[in-house]
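**Student:** Here it is, the structure in full.
Read the figures in this text as sums done on the coordinates, not as results from a lab. Remember, it's a predicted structure, so these values are computed and weren't measured experimentally. Here the Cβ positions follow ideal geometry from the backbone for every residue, glycine too, while neighbour counts run over all protein chains shown.
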Amino acid sequence: MSLSSPPPDINGLAAALLRDLAAVQASPHSAWGYKRAAAALLQLDEPVESRLQADGTLRKIPHVGPSSTRVILEVIETGGSPTVEQAVAGSPNRRDVERRRGLRRAFLSRAQVVAILNDPRLTGPSVADYRGDFQMHSVWSDGSQTLADIVEEGIRRGYPYSAITDHSHGLAIANGLSMEDLAKQHAEIDQLNARYAGSFRLLKGIEANIRVDGTLDMSRDELALLEIVVAAPHASLRSPLPQTERMLAAVRTPGVHILGHPRGRMYGSRPGVSADWPAVFAAAAESGVAVEIDGDPSRQDIDYQLAAQAMESGCLFALDSDAHGRRDWTFVETAIAHARLAGVPTDRIINTWPLERLLTWAASRGA
Ligand SMILES: [Zn+2]
């Protein structure tokens with residue numbers, strides 16, 4: 001089954017208000033303090049109200065100072081914060097705060113993710129079903145982990161496979177790989193796969209950039225060198241104009257396996273692509289392209305609401321961490337939580353498939 005709405009979330013509500021308060025600070029130092037407190041709340045494993053003590057104080061949360069704690073207590077008691085509302089109402093940044101408030105919808109806090117993963121009423125994918133990640137960045141582009149780190153961490157987690165998907169050459173801002181470097185990377189992948197044969201398989205992937213016209217920054221011949229192609233938008237993510245054609249063109253491109261972070265939204269700052277999503281999902285389902293739920297907490301793209309629509313359209317799903325370093329691998333739990341909330345059946349999630357099935361599907365989508 002699926003839930004129509006996620007569990008209540010004081011952590012997310014209080015974090016959002018602390019971000020609002022940060023936005024109206026005159027001093028960069030106090031803005032930084034409120035932002036740090038908001039981040040700590042969003043990363044907290046438990047509902048913040050469970051830290052309330054008999055004397056009405058809050059058990060200490062690391063990185064949350066006294067003024068942030070006062071706001072959190074107001075939210076626990078009243079469901080809002082008069083302190084923040086007053087500060088926002090009197091601020092010249094009021095408009096900007098209101099705009100940002102609209103850009104925090106359908107994000108899950110870590111406490112919600114934990115609750116959703118542990119909710120026995122939800123029958124979707126569990127962490128134990130998960131076999132490998134299809135969006136992973138390494139030192140070859142903008143990540144901090146080596147390919148050997150990725151293999152070791154994958155094995156430690158019991159994954160039989162994962163794909164390495166560094167940025168493609170069109171994305172200079174993320175140190176995208178030239179075709180020459182890609183060939184060198186593939187040689188390193190071959191060596192690792194030979195060394196770990198039978199215990200782990202690293203797939204040759206790429207995160208190709210979807211240009212504004214819907215074409216990719218890689219040619220068909222270049223895509224043919226890869227086992228997993230994630231196509232994702234990285235520009236025109238603030239335009240309110242519909243970009244349905246752009247996304248339709250991307251999912252219909254031969255050789256594309258996964259539509260990565262389809263919107264390109266960013267928590268509290270960027271709305272991402274607006275499109276006729278049911279039409280895009282229908283085209284993805286028709287092409288056999290998996291729609292990604294990117295678990296990076298600041299992305300959560302697509303979220304459980306759109307995931308429910310993609311499910312209706314018959315889509316396959318990829319649940320990925322978008323990890324740039326070893327500490328980011330748990331981001332995948334956020335993606336799993338969105339899929340559970342949307343009621344996505346485990347069998348529709350390519351990360352739960354055995355390697356053989358995965359490779360057969362990947363080959364059928366080949367360029
Ligand atoms: Zn990306």
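**Student:** What residue, of 307, 279, is in contact with a helix residue (DSSP H, G or I) (Cβ under 7 Å, 6 or more places away or on another chain), surrounded by fewer than 21 Cβ atoms within 10 Å (Cβ to Cβ) and over 22 Å from residue 224 (Cα atoms)?
**Tutor:** One residue alone meets the criteria, 279.
**Student:** Among the numbered conditions (1) touching a helix residue (DSSP H, G or I) at 6+ places or on another chain (Cβ under 8 Å); (2) hydrophobic (A, V, I, L, M, F, W, C); (3) outside any helix (DSSP H, G or I), tell me where residue 41 comes up short.
**Tutor:** Going through (1) touching a helix residue (DSSP H, G or I) at 6+ places or on another chain (Cβ under 8 Å); (2) hydrophobic (A, V, I, L, M, F, W, C); (3) outside any helix (DSSP H, G or I) one by one, residue 41 breaks only (3).
Here's the yes/no breakdown for (1) of a type outside the set (A, V, I, L, M, F, W, C); (2) more than 26 Å from residue 298 (Cα to Cα); (3) crowded, with 20+ Cβ neighbours inside 10 Å:
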{"position": "187", "(1), (2), (3)": "no, yes, no"}
{"position": "230", "(1), (2), (3)": "no, no, yes"}
{"position": "242", "(1), (2), (3)": "yes, no, no"}
{"position": "259", "(1), (2), (3)": "no, no, yes"}
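**Student:** I'm checking my understanding of the structure. Among residues of region 214-226 that are in a loop (DSSP other than H, G, I, E, B) and surrounded by fewer than 21 Cβ atoms within 10 Å (Cβ to Cβ), which one is farthest from the ligand (Cβ to nearest atom)?
**Tutor:** This residue is 224.
**Student:** Now for a different question. Can you confirm whether region 79-102 contains a residue that is surrounded by 15 or more Cβ atoms within 10 Å (Cβ to Cβ), within 28 Å of residue 307 (Cβ to Cβ) and under 20 Å from the mean Cα position of the chain (by Cα)?
**Tutor:** The answer is yes, given that some residue of region 79-102 is surrounded by 15 or more Cβ atoms within 10 Å (Cβ to Cβ), within 28 Å of residue 307 (Cβ to Cβ) and under 20 Å from the mean Cα position of the chain (by Cα).
**Student:** Would you please name the residue that is farthest from the ligand (Cβ to nearest atom), looking only at residues in region 227-276 that are more than 28 Å from residue 363 (Cβ to Cβ) and among the hydrophobic types (A, V, I, L, M, F, W, C)?
**Tutor:** Residue satisfying both the conditions and the ranking: 241.
**Student:** Can you work out which of the residues in region 58-78 that are in contact (Cβ under 8 Å) with a residue 12 or more places away in the chain and part of a loop (DSSP other than H, G, I, E, B) is surrounded by the most Cβ atoms within 10 Å (Cβ to Cβ)?
**Tutor:** My answer is 64.
**Student:** In region 102-139, what residues are within 16 Å of the ligand (Cβ to nearest atom) and either among the β-branched types (Val, Ile, Thr) or out of contact with any His (no Cβ under 9 Å at 6 or more places or on another chain) (or both)?
**Tutor:** Correct list: 133 only.
**Student:** Considering only region 138-152, I want to know if a residue exists there that is outside any loop (DSSP other than H, G, I, E, B) and charged (D, E, K, R).
**Tutor:** Taking every residue of region 138-152 in turn, at least one turns out to be outside any loop (DSSP other than H, G, I, E, B) and charged (D, E, K, R).
**Student:** For region 201-213, which positions are under 22 Å from residue 350 (Cβ atoms) and within 16 Å of the ligand (Cβ to nearest atom)?
**Tutor:** 205, 206, 207, 208, 209, 210
**Student:** Please determine, by comparing only the residues of region 170-200 that are in contact with a strand residue (DSSP E or B) (Cβ under 9 Å, 6 or more places away or on another chain) and in a loop (DSSP other than H, G, I, E, B), which one is nearest to the ligand (Cβ to nearest atom).
**Tutor:** 171
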